[in-house]
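Visitor: Mind having a look at this structure? Questions to follow.
The values are calculated or read from the model by the stated rules, or taken from the named source; none is laboratory data. Predicted model only: the values in this text are computed from it and were never measured. Please note: Cβ atoms are built from the backbone with ideal geometry, for glycine as well, and neighbour counts cover all protein chains shown. These area figures cover heavy atoms from the full protein model, side chains too; ligands, DNA and RNA do not enter into them. Shrake-Rupley method; radii C 1.70, N 1.55, O 1.52, S 1.80 Å.
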Amino acid sequence: MFIPPVVLLLSISFWMFNNEVDNKRKLTQQSEMLSLRQSKSVFEHLLRNAVQDLMFLASVEDVRQRITLPGMDLDDEKLALIFKSMVEEKEQFDQIRYLDAEGKEVVRVNYRNGFGIIVPANKLQNKGGRYYFTKTMKKGRGEIFVSPMDLNVEHGHIELPYKPMIRLATPTFDTSGNKRGIVIINYLAEKLISLLDRGDRSSSSRFMLLNKEGYWLKGETSADEWGFMFTEKNELRISNRYPDAWKQIAAASSGQFTTANGLFSFSTVSPEKLSGEVGLENVTNNNKIAGQGVQWKLVSYIPNTLLEIPVNKLSKQYLTLNTVLALVWGVVALLLSRARVYKIDAQRLLHEKEERISEIVNSAFDAIITINERGIIETFNPAACKMFGYHGDEIIGHKVNMLMASPDREYHDLHILNYIETGVGKFVGKPGRVNGIKRDGTPIEIEICIGAKQVTNRWLFTAICRQYHEE
């Protein structure tokens, strides 16, 4: 009574639990991919706007005049004011500069505390040896150089506190087609990373930003970041910590998979794919750093330990619910089983009582016959068999009036109906004599007394008979 329903309950609960776990995992996976798509959209949108701003600056008349008429301080001042207006309006550019063909800074505006600061001429530097200058000077007309994301370097040293940068630059040409310098924007990548990290992802996920080599630009911890900028941190890359994951991330532009470490979701941002969107077919990422091109991997990672938290919580809920239901059913089953035992005991006692009564009836000296309201014989004890000459199985189930002589035979059923309707019977509750017939047809005079009892919805009549002998 207890075990089958509990097994059924556990089976249904197990199916529901697995189904809910699958739904939660699918929802988590979908949520992570949606969050990554949003982050990628933000990254590309901001980068696209920066490219458009760069091309706008390269095309303004003051830049053209500065190229055509070099050394004119008035034009440098106008150009500085344009750069200052741009950094203050955008609030995302750390520097806007114009470098001449040798890499010397001609105009430089820094963004500090909400204001554009025009750097005086005596503090301008020569950036001719920096990779972004040499790479940009190799570009053609209308081409744009997009640098990897790295830390800003001033006077040969990494600037503190760390200032992540993306540099966007394009060469400028005079009216004769001669390359005369570059316009370059230093994009504040820290703001970009913070916007990406505010993606609509679950609290259990960890956002990471990687370069093409697998170095962390945004890591699980700040200590993991910018390993390629420091000799002592050169081994800090995702391929060393999560080698199986990095193989799949490096091999595809986007995807989602699970390893022994947890759930990884990733997408890729490539500057070259933005060229058509901004109407600049010559935007490329042919620049090189450490032998790799520019590409960023947006990665969301949820460790297995965190993935299991909602599963464990759900399992506790199901365990609690099933325990309560099992206990309730256990009490019900106990009560039902006890009631069933009581019923079995009562039936056993009744059976024993019936057996004792049957033994008494069967051992009685007088003939005892019981009939129902239709006059059908239900019991016929041995004394009755001896008196009338029948075996019990020959007479039980037949009408009792076959043992009677006329006219009692014909009126017996009417006597029964009359008693049931009026409560008055010829021999009920008092002795009398009737004429009976044995099996061989021999008549026999019988002394008889009848008892009547209504049991539930039926009547039962018991006749005690004794052969009459004259004294």
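Visitor: If I go through the range 167-183 residue by residue, how many of them are farther than 15 Å from LYS127 by Cα, among the small types (Gly, Ala, Ser) and either surrounded by 14 or more Cβ atoms within 10 Å (Cβ to Cβ) or within 54 Å of the chain's Cα centre (by Cα) (or both)?
Guide: Total satisfying the criteria: 0.
Visitor: OK, next. Pairs needed: first member in the range 308-322, in contact (Cβ under 8 Å) with a residue 40 or more places away in the chain; second member anywhere, small (Gly, Ala, Ser); C-beta distance under 6 Å; at least 6 residues apart or different chains.
Guide: That search, which allows pairs on different chains as well, returns TYR318/SER13; ASN322/SER13.
Visitor: Exactly one of these conditions fails for ASP440: (1) of a type outside the set (Phe, Trp, Tyr); (2) open to solvent by 60 Å² or more (accessible area, probe 1.4 Å); (3) assigned to a strand (DSSP E or B); (4) out of contact with any Asp or Glu (no Cβ under 8 Å at 6 or more places or on another chain). Give me its number.
Guide: Of the numbered conditions (1) of a type outside the set (Phe, Trp, Tyr); (2) open to solvent by 60 Å² or more (accessible area, probe 1.4 Å); (3) assigned to a strand (DSSP E or B); (4) out of contact with any Asp or Glu (no Cβ under 8 Å at 6 or more places or on another chain), the odd one out for ASP440 is (3).
Visitor: Restricting attention to the range 131-144, which residues are open to solvent by 30 Å² or more (accessible area, probe 1.4 Å) and either part of a helix (DSSP H, G or I) or aliphatic (A, V, I, L, M) (or both)?
Guide: Matches in the range 131-144: TYR131, THR134, LYS135, MET137.
Visitor: Anything in the range 437-457 that is touching a residue at least 24 places away in the same chain (Cβ under 8 Å) and basic (Lys, Arg)? List them, or say none.
Guide: LYS438, ARG439
Visitor: Do any helices (runs of 4 or more DSSP H) entirely within the range 167-270 hold 2 or more residues that are within 30 Å of GLU143 (Cα to Cα), and if so, which?
Guide: Qualifying helices (runs of 4 or more DSSP H): 189-197, 243-251.
Visitor: A further question on this structure: Out of everything in the range 94-113 that is in contact (Cβ under 8 Å) with a residue 60 or more places away in the chain and in contact with a Gly (Cβ under 9 Å, 6 or more places away or on another chain), what residue ends up being surrounded by the most Cβ atoms within 10 Å (Cβ to Cβ)? Full working, then the answer.
Guide: Filtering the range 94-113 for residues in contact (Cβ under 8 Å) with a residue 60 or more places away in the chain gives 94-101, 106, 111.
Imposing the further condition that a residue be in contact with a Gly (Cβ under 9 Å, 6 or more places away or on another chain) reduces the set to 96, 98-101, 106.
Values: ILE96: 27, TYR98: 26, LEU99: 29, ASP100: 18, ALA101: 17, VAL106: 18.
Residue satisfying both the conditions and the ranking: LEU99.
Visitor: What number of residues within the range 118-130 satisfy the criterion of being without any contact (Cβ under 8 Å) to a residue 12 or more places away in the chain and surrounded by 11 or more Cβ atoms within 10 Å (Cβ to Cβ)?
Guide: 1
Visitor: In addition: For residues in the range 145-166 being assigned to a strand (DSSP E or B), of a type in the set (A, V, I, L, M) and open to solvent by less than 10 Å² (accessible area, probe 1.4 Å), which is farthest from ILE182 (Cα to Cα)?
Guide: Result: LEU151.
Visitor: Can you tell me which residues in the range 384-400 are surrounded by 18 or more Cβ atoms within 10 Å (Cβ to Cβ) and within 24 Å of ASN457 (Cβ to Cβ)?
Guide: Listed by number, the list holds a single entry, VAL400.
Visitor: Here is a follow-up. Counting just the residues of the range 400-436 that are in contact (Cβ under 8 Å) with a residue 24 or more places away in the chain and farther than 16 Å from GLU373 by Cα, which one comes out nearest to the chain's Cα centre (by Cα)?
Guide: LEU403
Visitor: Among the residues of the range 219-234, is any farther than 29 Å from HIS45 by Cβ, touching a helix residue (DSSP H, G or I) at 6+ places or on another chain (Cβ under 7 Å), open to solvent by 20 Å² or more (accessible area, probe 1.4 Å) and of a type in the set (D, E, K, R)?
Guide: Yes - at least one qualifying residue is present in the range 219-234.
Visitor: I'd like the full set of residues that are surrounded by 13 or more Cβ atoms within 10 Å (Cβ to Cβ) and either out of contact with any strand residue (DSSP E or B) (no Cβ under 9 Å at 6 or more places or on another chain) or among the small types (Gly, Ala, Ser) (or both), limited to the range 443-471.
Guide: Passing the criteria: GLY451, ALA452, ALA463.
Visitor: Let me ask you something else. Restricting to the range 9-62, and then to whatever is acidic (Asp, Glu) and surrounded by 15 or more Cβ atoms within 10 Å (Cβ to Cβ), can you tell me which residue is nearest to GLU77 (Cα to Cα)?
Guide: Ranking the candidates gives ASP62 first.
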